[in-house]
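The values are calculated or read from the model by the stated rules, or taken from the named source; none is laboratory data. The structure displayed is predicted, hence computed values, not measured ones. Ideal geometry is used to build each Cβ from the backbone, glycine not excepted, and the neighbour counts take in all protein chains shown.
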Amino acid sequence: MLRLKTVNLFPLFMNKNLKTVAKISYKTGLKWFFIVFAGIIITIITFSIALFDNADLAGSGHGSFISLFVDLLTTNFFAFFLVFGAPVFTFLYILLANKIALQNAISLIWKENVENYITTIVKNITLKITEKENWQHQVSSEILLKAKLLQTTKNSKDTSVFQKKIISYGLKKIRLDDIDFQYEYLNFADVISFKFSTFLSEKTEASIKPFWLLIISQISILILSFLV
């Protein structure tokens, strides 16, 4: 009698999803690095030019830094903004890089059809909370549930840093105020994972325009500093 050997394809699908998520993580990291690196380079260039162009304003000796600060502030505010605002520009580039990279990662997750892999993790994280006895006494509102989900995500040892960032970002964005926390038969894990899946499907690729606008702003400020 011929016997048909059954093959469990689940590990193959999981392995494929892991590779796809790893590829998305790599692309996201490259985009983040490009934005931060380019932003820092532009900041250093504009800082150096503005400082060199106004170096004569600094006095000699111990008070040169204070002298430069006061003189730039009173005579050339644009140069002052480029020189002493360099840390602010760097911080803004990092903020933009974080936001753009995360939003692009979410968009890629949907495009590469691995949203089920992520929503399964979200579902398992929710189950860790809802499977505990008397959990509803600890989580009785949207704010408490979100806080608990975010904390459980942060403490999850089976979830990578990249996945944690995606899940935490999504959990902060989804609305939970329409959930009836008093309804004892509600499957919270299914509801949260469905809302997360909907969030992934609606998220479009982030525009890189704010990055270019910030660069244009720095260059414009530098040009204005020459005209003062």
**Complete:** All-but-one check, F211 against (1) crowded, with 18+ Cβ neighbours inside 10 Å; (2) over 30 Å from I44 (Cβ atoms); (3) within 19 Å of the chain's Cα centre (by Cα); (4) not small (G, A, S), failing number (2)
**Item:** All helices (runs of 4 or more DSSP H) inside segment 76-138 with 3 or more residues being in contact (Cβ under 8 Å) with a residue 40 or more places away in the chain and in contact with an Asp or Glu (Cβ under 9 Å, 6 or more places away or on another chain)
**Value:** 86-111, 115-130
**Request:** Kindly indicate the residue of segment 185-206 that is without any contact (Cβ under 8 Å) to a residue 12 or more places away in the chain and part of a loop (DSSP other than H, G, I, E, B) and also nearest to E112 (Cα to Cα) among those meeting that condition.
**Result:** N187
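Kindly establish whether K5 is of a type in the set (K, R), more than 30 Å from V161 (Cα to Cα) and modelled with pLDDT under 85. Step through it out loud before you land on a result.
Details: of a type in the set (K, R): yes; more than 30 Å from V161 (Cα to Cα): yes; modelled with pLDDT under 85: yes.
Answer is yes for this residue.
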**Message:** Quick check on segment 126-133. Is at least one of its residues of a type in the set (S, T, N, Q), modelled with pLDDT under 85 and surrounded by 14 or more Cβ atoms within 10 Å (Cβ to Cβ)?
**Reply:** yes
**Asked** From the list F69, F52, F65, which residue is loosely packed, with under 12 Cβ neighbours inside 10 Å, in a helix (DSSP H, G or I) and at pLDDT below 85?
**Response** F65
